[in-house]
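Data block below; observations after.
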Amino acid sequence: MLEDGLVGSVSSAFDRFFNHLFATGVAALGEVEAALAGRPGFVWLCDDAAAAGARTGGGSRPVRVKHGMGTTIRVSEMDQQTPASITAVSSFDDLADWHGVYRDVFGVDPRSLDEWRRVHLALGPTGDNSLVLHLARVDGSAAATAAAFFDRNVVGLYSFTTRESMRGRGIASALIRTSHAVASARGVEPALLQATPEARSIYARAGYVEERVLPVLTFP
């Protein structure tokens with residue numbers, strides 16, 4: 001608990017992915033910028049009062065919408081072709097290529113690579129193996145990314161990005177299938193994610209169903 005009505009974790013100086021705050025009530029919104037202290041982050045508006053307060057507070061930061069979606073994984077044996085070669089990130093060179101795509105698509109500070117390296121060492125294949133990063137390459141060039149985080153018997157899908165020049169080729173769908181296959185091999189069936197409005201249809205085709213709308217502020 002940071003302040004009344006504001007909870008979450010702020011652990012990164014450079015990447016909003018590692019900074020998530022959850023606000024309930026209008027009063028909590030006044031504490032957000034102090035809690036972030038100039039760092040990037042997501043502020044999830046968890047009740048009607050917080051969402052209404054953000055929309056009417058006179059600030060210049062718009063309330064964006066993400067779609068909380070879920071599915072029960074059923075891995076298909078059908079061989080679906082994709083132009084990409086998909087591998088799990090296992091080395092620092094792989095991680096640097098993964099981060100290059102992620103950074104360019106999301107506009108993340110390049111200095112966050114070191115933070116991702118520490119996270120991958122702790123949670124990746126040489127750590128507790130709760131985090132699996134996938135990198136898709138096309139003709140040897142890094143094209144798209146995905147992340148699957150396992151917590152007990154649930155997998156969360158994050159950081160799905162595709163370079164603009166590589167979109168429309170089915171690479172994101174192939175990454176979803178790859179992430180599902182990893183989860184299925186671990187005996188994990190429930191999967192969750194937060195989709196942007198633009199990406200919602202991709203996940204729907206993979207069997208994801210919208211469970212709720214998630215209003216969010218992004219900093220910066």
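Could you check the range 1-57 for helices (runs of 4 or more DSSP H) lying wholly inside it with 1 or more residues that are under 21 Å from residue 67 (Cβ atoms)? Show your work before the answer.
On the way: elements: 26-29, 32-36, 48-56.
Output list reads 48-56.
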**OP:** Name the one entry in 212, 177, 186, 205 that is closer than 18 Å to residue 63 by Cα, touching a residue at least 24 places away in the same chain (Cβ under 8 Å) and charged (D, E, K, R).
**Re:** 212
Original post:
List the pairs whose first member sits in the range 6-33 and is closer than 24 Å to residue 117 by Cβ, whose second member is at pLDDT below 90, and whose Cβ atoms are under 9 Å apart, counting only residues at least 6 apart or on separate chains?
Top reply: 8/2; 10/2; 16/220
Original post:
Do we have any residue at all in the range 109-126 that's outside the structural domain of residue 35 (by TED's automatic domain parsing) and over 18 Å from residue 17 (Cα atoms)?
Top reply: yes
Subject >> Scope the range 183-204; condition within 21 Å of residue 138 (Cβ to Cβ) and outside any loop (DSSP other than H, G, I, E, B); matching residues >> reply: 202
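What residue, among those in the range 122-153 that are out of contact with any helix residue (DSSP H, G or I) (no Cβ under 9 Å at 6 or more places or on another chain) and under 28 Å from residue 188 (Cα atoms), is surrounded by the most Cβ atoms within 10 Å (Cβ to Cβ)?
Step one: filter the range 122-153 for residues out of contact with any helix residue (DSSP H, G or I) (no Cβ under 9 Å at 6 or more places or on another chain), giving 122-123, 125, 139-140, 151-153.
Next cut, under 28 Å from residue 188 (Cα atoms) only: 122-123, 125, 151-153.
Details: 122: 12, 123: 17, 125: 15, 151: 10, 152: 8, 153: 11.
Residue satisfying both the conditions and the ranking: 123.
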Original post:
Across the range 168-195, what is the total count of residues that are under 21 Å from residue 100 (Cβ atoms), surrounded by fewer than 18 Cβ atoms within 10 Å (Cβ to Cβ) and modelled with pLDDT of 95 or more?
Top reply: 0
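The values are calculated or read from the model by the stated rules, or taken from the named source; none is laboratory data. Bear in mind the structure is a predicted one, so any value in this text is a computation, not a measurement. Positions of Cβ are generated from backbone atoms using ideal geometry, with glycine treated the same way; all protein chains shown enter the neighbour counts.
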